[in-house]
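The values are calculated or read from the model by the stated rules, or taken from the named source; none is laboratory data. All figures in this text were calculated on a predicted structure; none of them were measured in a lab. Surface accessibility is based on the protein's heavy atoms, side chains included, excluding ligands, DNA and RNA. Shrake-Rupley method; radii C 1.70, N 1.55, O 1.52, S 1.80 Å.
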Amino acid sequence: MFLLIVSCLVWGVFIEPSRLIVHQETIQIDNLPKELSGLRIALIADIHTGGPFIDDNKLRKIVELTNQQNPDLIVLLGDYMSPNSWHSRRVEPEVTAAAMKNLHAPLGVYAVLGNHDWWYNGGKVRRAFEANGIPVLDDEVAEVKWQNGSFWLVGLADFWTRPQHVSETLAKVPQGAPVIAITHNPDVFPDLPQSVPLLLTAHTHGGQVNLPLIGAPIVPSRFGRKYTAGHIFENGHHMFVTTGIGTSILPVRFRVPPEIVILTIK
């Protein structure tokens, strides 16, 4: 038993947080136009540069591995920053943004900000990404051309740290136009109207620890484990929550490997 506990600790602290996997997922969304079928979106989130195993080499690996998947669209879902703590160090956002500018997708790369970014300096993080050619959608929308039509990417402000203007933001989209929303925190999901068939989020890290038979003991959500990770279908619309790449609070991952998600819409 002692050896098992030690092995799990070694795995959770030194091995699993250093990994990076590509998580392929396909979801069927009946109330999106059939023209969007086959759209492949890469989700990158919770990088937390300066945390354990998240250095310049890891940033390059994130970019290279994502580009190898040839996604149509790439979304960055917030929390690029880490605080100065016993297990992490603050790395200025210009470092992460300069690495992410090497991401390539025919429909572009878009970002939102997370709570850690705002706890540091959201304005500075935004300027760093936009200076490197990556638009940040903070209660803003962008029309994305796709094949012979288009859809609207709606970026919603972080639920924990910013005022919520969901209705006002969605009103910027032409009535009846296809919508895909992105934000950092999944807790906004119940507040979205039926006009948003798909929301892409992060923040939870999948709980970072997933114990056999127990699940994730701690999930930073007002809904407990309900929105821990993966595909959720509720009240007629869909959400996908990525477990992200870095760590927060404790430098550990157990049975929740760092991931880049490639989400295919059918």
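Ranking F2, F14, F151 from most to least accessible surface, computed with a 1.4 Å probe over the protein chains only, gives F2, F14, F151. Tell me the per residue accessible area of the stretch 36-84 using a 1.4 Å probe; a whole number in Å² is fine. With all protein chains present, the stretch 36-84 gives 30 Å² per residue. Ordered by 1.4 Å accessible area with all protein chains kept, R19, R222 run largest first as R222, R19.
Per the Cα gyration tensor, the stretch 1-128 maps to an equivalent ellipsoid with semi-axes of 28, 22, 14 Å, ordered largest to smallest.
Here, P(r) means the percent of Cα pairs in each 10 Å bin from 0 to the largest distance; for the stretch 1-42 it is 21, 26, 16, 18, 14, 3. The Cα-based radius of gyration and maximum Cα-Cα distance (Dmax) for the stretch 54-121 are 12.7, 40 Å. Each principal axis of the Cα cloud of the stretch 20-70 was evaluated for its coordinate range; sorted largest first, these ranges are 41, 19, 14 Å.
Using a probe of 1.4 Å, the accessible surface attributed to V10 totals some 60 Å² when neighbouring protein chains are kept in position. Coupling constants for the stretch 3-17 follow from the phi torsions by the Karplus curve (6.51 cos²θ - 1.76 cosθ + 1.60, θ = phi - 60°), and in residue order they are 5, 5, 5, 4, 4, 5, 5, 4, 4, x, 9, 10, 9, 4, x Hz; glycine and proline get x. Counting only protein heavy atoms and using a 1.4 Å probe, the accessible area of R89 comes to about 140 Å². Scanning residues 5 or more positions from V256 or on other chains, those with amide H under 5 Å from its amide H are N210, with H placed 1.01 Å from N in the peptide plane. Non-local lysine pairs in the chain, meaning eight or more places apart or on different chains, with alpha-carbon distances under 15 Å, amount to 4. The per residue volume of the convex hull around the alpha-carbon atoms of the stretch 78-214 is 151 Å³. With no solvent and one point on each alpha carbon, what is the Debye value of log10 I(q)/I(0) for the chain at q = 0.08, 0.09, 0.11, 0.15 Å⁻¹? Once normalised to I(0) and log-transformed, intensities are -0.29, -0.37, -0.56, -1.07. Of the residues R126, R90, R253, the one that moves most in a GNM of the chain with alpha-carbon contacts below 10 Å is R90. In the chain, the DSSP-assigned H stretches of four residues or longer account for a calculated mean residue ellipticity at 222 nm of -6000 deg cm²/dmol, using -39500 (n - 2.57) per stretch and the full residue count as denominator.
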